[in-house]
Amino acid sequence: MPKLAGLGRNAWQFTPGTGGSFPPEWVANLARNTHNGMGKIIGIIERMILFILIITGNITTIGFVIAAKALARFKELENKNFAEYFLVGTMCSVLITMIIGLFIKKIIG
């Protein structure tokens, strides 16, 4: 079966029926209780939630996921450069996940 990969060199890979996998270095970081790569892991979880919402037809709920993400970064959004970076990254992530999710939903039936 083909693999769908997210953005980035160490992106989460989804293979239908296998549940995907996290790169070993991310798991090692979690085991050491460090914050390295936490943004990547949050992004992966975000895309997984968005994908599930799209496949199950709950597209309107995506707004809550984006709102929760913005709320978590509320103070940092005062910095205009960060706010633009955050917005572009979030919109790209949502767009790509929606395209893949809708494509797979169409294939599945």
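What follows is calculated from the coordinates using simple rules that are stated; it is not laboratory data. From a predicted model like this one, the values you see are computed outputs, not experimental measurements. Here the Cβ positions follow ideal geometry from the backbone for every residue, glycine too, while neighbour counts run over all protein chains shown.
According to a simple spin-label model (label point 7 Å from Cα along Cα-to-Cβ), what is the distance in nm between Thr61 and Ile108? Placing both labels 7 Å beyond Cα along the Cβ direction yields 1.3 nm.
Which of the pairs Lys80/Lys105; Lys40/Lys105; Lys80/Lys106; Lys40/Lys106 have their Cα atoms more than 32 Å apart in this structure? Going by Cα-Cα distance, Lys80/Lys105; Lys80/Lys106 fall outside the 32 Å limit.
Size descriptors for the stretch 45-109: radius of gyration and Dmax over Cα atoms are 13.2, 44 Å. Put a dot 7 Å past the Cα of Glu76, heading toward its Cβ, do the same for Ile52, and the two dots end up 2.3 nm apart.
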